Amino acid sequence: MRLHRLTVTAFGPFAGTETVDFDALAAGGLFLLRGATGAGKSSVLDAVCYALYGEVPGTRKANRLRSDHAEPDRLTSVRLELTLGGRRLEVTRVPEQPRPKKVGRGMTTERAQTLLREWSADGTGTGDGTPGWRALSKSHQEAGEEIHRLIGMSRDQFCQVVLLPQGDFARFLRADSEERGKLLRRLFDTERFQSVEAWLAEQRRTHEAAVQAGRRRLRDLASRAEQAAGPGAEPAAGLVPGEDESAPADSDLTAGVLGWAAVLRGGAAEQLTVAGAALAGAEEAHRAAQRGREAAEQLADRQERYRQAVREADRLAEDGPARAADRQRLAAAQAAVGVESVLHLRERAAQVHRRAGEEERRHRTVLGGLADGPAGGDPAVGGRALANAQAGELVEAEQRLRAEIVRLEGVRDDERLCAELDGARAAVAADLRRAEDLAEEAGDWLADFEPRLAALQAEESAARDAAGRVERLDARRAELAARLAAARERDGLDVEIDHARPRALTLRAEALDARQYGLDLRERRLAGMAAELAAQLSAGEPCRVCGSAEHPAPARPAGEPVRAEDEERARRAQSAAEQAADTAEQDLSGLRVRRAAAAGAAGEEPAEALAGALAGLEREHREALRAAEGLGPAGRAIERLTAEQAVHRTALAGARERSAELAVQARTLHADQEKLGARVAAARGDAPSVAARAAALNRLASAVAALAGAVRTADEAAHQLKLADDELAGAAVAAGFADAQDAAAVLLPRPERERLEQRLDR
């Protein structure tokens, strides 16, 4: 990589445009950047790094590189020409920065820009075929990738290897070996090698600890084996090195332990063979003892069973009389078993007959409680008349009631329709009232429409006039505000000029005094030049002026001698004083120019008068603005009022038409309701409704049907009971009993009979 030319504008300490020609500087092979602190040496290197990578070294940010002394309209930029990989490139970068707006006042943000160009000697890509620069990329990413590819280093690597940080090289030369090592590690990022070295040391310590742990575990195993082998085993002292001996090699310790373990294993195998033979003899003796024990247990079991049989025979002989009585009782009970099932059937028939009689009496009570049915009903089919009727009469009464219910079902539809007509008449009447109210409301609203519209139009006109006045007041306000700002700037500049004028005069006087002092020193030095030359004469050496080796009367200084250093200091002081005076006069001239511009914009009126006029204009503007704010609401109110007028007109016409239709519908519904009402009243009688009369008749019919069913069930239960009595008497005679009561007296429950049978069987 070779740098050719660097151009910076408004960058770092450089307020203007500065150019560094590296080709001219490096003509001798090397060049030195030298200057006082703050002169901009590091900024030149920062500009090179920023041009290449879009970033600066260290922690500084690219958006903080703009010079604080640059003019607002001068953009910060860096352009670098260099050669990379045999290609001559030009990189131009403009960071993101604020700039004045091109239209209007205020500031806007200039976006960051990057331009990468390459020199084309054959004119390829230049457009006209002549040698020149051709554009490669305007993308930050593409330009950065291309430069990174050609350089082969990242920004951090470039700053560590190529751009040594300021002051680090001198510190490196003066530092001792330890500090120099720290500095080199920081510059060249050698921490990874330290990490590898630390990792290797840690691995060495880990493996050493593992080896020591293995040795300790091997010795522990040898000790445990010696304890397990017992005092009669081969001792380990002759084969395993001890801990007090010089540290043996791992192979010697392992070989000794394994050899000693082999000796122990051979001895243990012999002992195992002897113990196996002893164990086989003991097991054979144990099996013989078990066979003897089993034979003795079998004999004892047979003897115990014999003793139990003898005791059971004695007990049975003692219980003989009681067992004979139980056999007689069991025989009588078994003879009565044939009567048991028939007896159970007769009991169930008696229960059914009893429940049927109770159900019949309950239904007759319920039917008698229904009195004579609903008012207007037929007394012949009343509840009291049917409470004592027989089954046939009940069936006929139910049929008559069901026929009446069927007839009433047809009239119930007429009653329901009559009720619906009543509801429809009420709904039509309500709709008619609403339609009439709507027509009246729409008529009242339309009567008030014209006055309300006129008031809103007047309000809109006033708001429109106020809006025009606001526009005129805005222009006057802006003019007065600009004049007031200029007047205040003018007054402030007057104060600054009053302070700057005496300072400029003082600095100019000091510069003249310094100039006069320098002239005096020069005159004094010229006057004492002969004495200065005479002071340099030596006996026997020729004079540099006349060449004579003799110096009979050398000149003497007339007063305090003036040296070249004194004259140089006076010259520098004079230059500094003149520069300060020039700067002060330039500042004063700038203040006067700014004051003239401000006075031209503000006029000669005082700032207080302009401020008062602006305050009054602000009040007038606020009042007009409040009045103009009603323009939009007034227009929208007129639109809403006009739309509502059309709606109310439509509503009025619809309400009148709806009222006529509803009146005709109400008359029709009234006539239909009167016709149906007469037919329903005849069918209802004295009952509250046809449905109520039908429900009462339905309850009476249901009660009659239930009573008829209960009567039939009671008759059937009585017949079944008579059949059961006849069958029970026949079964008792067949079993040998005089009647069923004698059979029931000896009958035993089945569980007791089974227990008695089991006891007699034993």
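What follows is calculated from the coordinates using simple rules that are stated; it is not laboratory data. In this text, all values refer to a predicted model and were calculated from it rather than measured experimentally. Counting neighbours? That spans all protein chains shown, and the Cβs are built from the backbone with ideal geometry, glycine included.
For the stretch 569-619, GluC sites (Glu not before Pro) are listed when DSSP marks them as loop and at most 15 other Cβ atoms sit within 10 Å of their Cβ; the list is 604.
Rounded to the nearest Hz, the phi-derived 3J(HN,Hα) couplings of the stretch 258-263 under the Karplus curve 6.51 cos²θ - 1.76 cosθ + 1.60 (θ = phi - 60°) are 5, x, 5, 5, 5, 4, where x marks glycine and proline. Amide H contacts under 5 Å for residue 11: 67, restricted to partners 5 or more places along the chain or on a different chain, H placed in the peptide plane at 1.01 Å from N.
Farthest towards the positive end of the charge dipole of the stretch 2-152, among the residues 16, 67, 94, is the Cα of 67, using unit charges on the Cβ of Lys, Arg, Asp and Glu.
Summing Lys and Arg as +1 and Asp and Glu as -1 over all other residues whose Cβ lies under 13 Å from the Cβ of residue 86 gives a net charge of +2. With neighbour counts taken as other beta-carbon atoms within 10 Å, the residues 647, 8, 103 rank, fewest first, as 103, 647, 8. Charge dipole of the stretch 2-152 (Cα centre as origin; +1 on each Lys and Arg Cβ, -1 on each Asp and Glu Cβ, all else neutral): 440 debye, rounded to the nearest 20. The residues 352, 196, when put in order of fewest to most other Cβ atoms within 10 Å, stand as 196, 352.
The C-alpha radius of gyration of the stretch 2-152, expressed as a fraction of 2.2 N^0.38 Å, stands at 1.11. Sorting 292-302, 493-503 by average packing, meaning the other beta carbons within 10 Å per residue, from highest down gives 493-503, 292-302. In this structure the amide hydrogen of residue 137, modeled in the peptide plane, comes within under 5 Å of the amide hydrogens of 116, none closer than 5 places in sequence on its chain.
The stretch between residue 310 and residue 579, if pulled fully straight at 0.36 nm per residue, gains 81.6 nm over its current Cα-Cα span. Of the residues 47, 32, 132, the one whose Cα sits farthest towards the positive end of the charge dipole of the stretch 2-152 is 47 (charges of +1 on Lys and Arg Cβ, -1 on Asp and Glu Cβ, taken about the Cα centre).
Evaluating 6.51 cos²θ - 1.76 cosθ + 1.60 at θ = phi - 60° for every residue in the stretch 136-145, the Karplus couplings come out as 9, 6, 10, 9, 4, 5, 5, 5, x, 5 Hz, glycine and proline recorded as x. For residue 5, the amide hydrogen comes within under 5 Å of the amide hydrogens of 22, 81, counting only partners 5 or more places away or on other chains and with H modelled in the peptide plane.
Please sort by residue number the chymotrypsin sites (Phe, Trp or Tyr not before Pro) in the stretch 22-51 whose DSSP state is loop and whose Cβ has at most 15 other Cβ atoms within 10 Å. Mind showing how you got there, number by number?
Working: sites: 22, 31, 50; in loops: 31.
Those satisfying the criteria are 31.
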